[in-house]
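The values are calculated or read from the model by the stated rules, or taken from the named source; none is laboratory data. Everything numeric here is computed off the predicted structure, so don't read it as measured data. Cβ sites come from the backbone with ideal geometry, for glycine too, and all protein chains shown count toward neighbours.
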């Protein structure tokens, strides 16, 4: 995006349809205070009967998530009621937010890509071992003849829930339910995100 002075700001455009309050939990009945939100659209045939009854006339939601009350921005400055909608009007341009989501999955990767290992020297007799991890302990040293827990090795990379903090909201388009966030957010296109102030 370009501002009035012609300076460019890299942004990620996020589609953020309104969330509907499906359930309000309290300490007396449930043991803790939380708000359950519904988001997205799903075919009725793919929704279980108890959920259909819970959703009622509010819609057929693809995602149902629960948040503790302190995390819910409420425009009415009170405990929300079932059926209330929470839209992007709770954000303003210039707000600093943190965005959580599931990162891109990269499959089974070696230690150089997964952990940033430098690999073995490229010359001086290195043969077939340029991208190998090297020693993993063992022997009779500190590890006591075993591999210590948490050793950085090859394995599945990505596909984890991560949170990016300190992102700035550049633009709020209430008509089209779009947020322009400065910088990169977790995940691929279509990833479900949680945006908190």
Within region 89-99, is there a residue that is in a helix (DSSP H, G or I), in contact (Cβ under 8 Å) with a residue 60 or more places away in the chain and over 20 Å from residue 158 (Cα atoms)? yes
Answer yes or no as to whether residue 54 is without any contact (Cβ under 8 Å) to a residue 40 or more places away in the chain, touching a strand residue (DSSP E or B) at 6+ places or on another chain (Cβ under 6 Å) and either loosely packed, with under 15 Cβ neighbours inside 10 Å or not assigned by TED's automatic domain parsing to the domain that holds residue 190 (or both). no
Taking into account only those residues within region 70-123 that are buried (at least 16 other Cβ atoms within 10 Å of the Cβ) and over 22 Å from the mean Cα position of the chain (by Cα), which is modelled with the lowest pLDDT? 80
Where the second residue is assigned to a loop (DSSP other than H, G, I, E, B) and surrounded by 10 or more Cβ atoms within 10 Å (Cβ to Cβ) and the first is at pLDDT 95 or above and lies in region 138-162, which pairs have Cβ atoms under 6 Å and are six or more apart or on separate chains? 154/110; 158/103; 158/104; 160/103; 162/103; 162/186
Those strands (runs of 3 or more DSSP E) completely within region 148-197 that have 2 or more residues that are within 17 Å of residue 93 (Cα to Cα) and touching a helix residue (DSSP H, G or I) at 6+ places or on another chain (Cβ under 9 Å) are 161-173, 178-182, 194-196
So for region 120-134 (the condition being out of contact with any helix residue (DSSP H, G or I) (no Cβ under 8 Å at 6 or more places or on another chain) and closer than 26 Å to residue 188 by Cβ), does at least one residue qualify? no
Going through region 37-60 one residue at a time, which ones are touching a helix residue (DSSP H, G or I) at 6+ places or on another chain (Cβ under 9 Å) and either closer than 22 Å to residue 190 by Cα or in a strand (DSSP E or B) (or both)? 38, 44, 47, 60
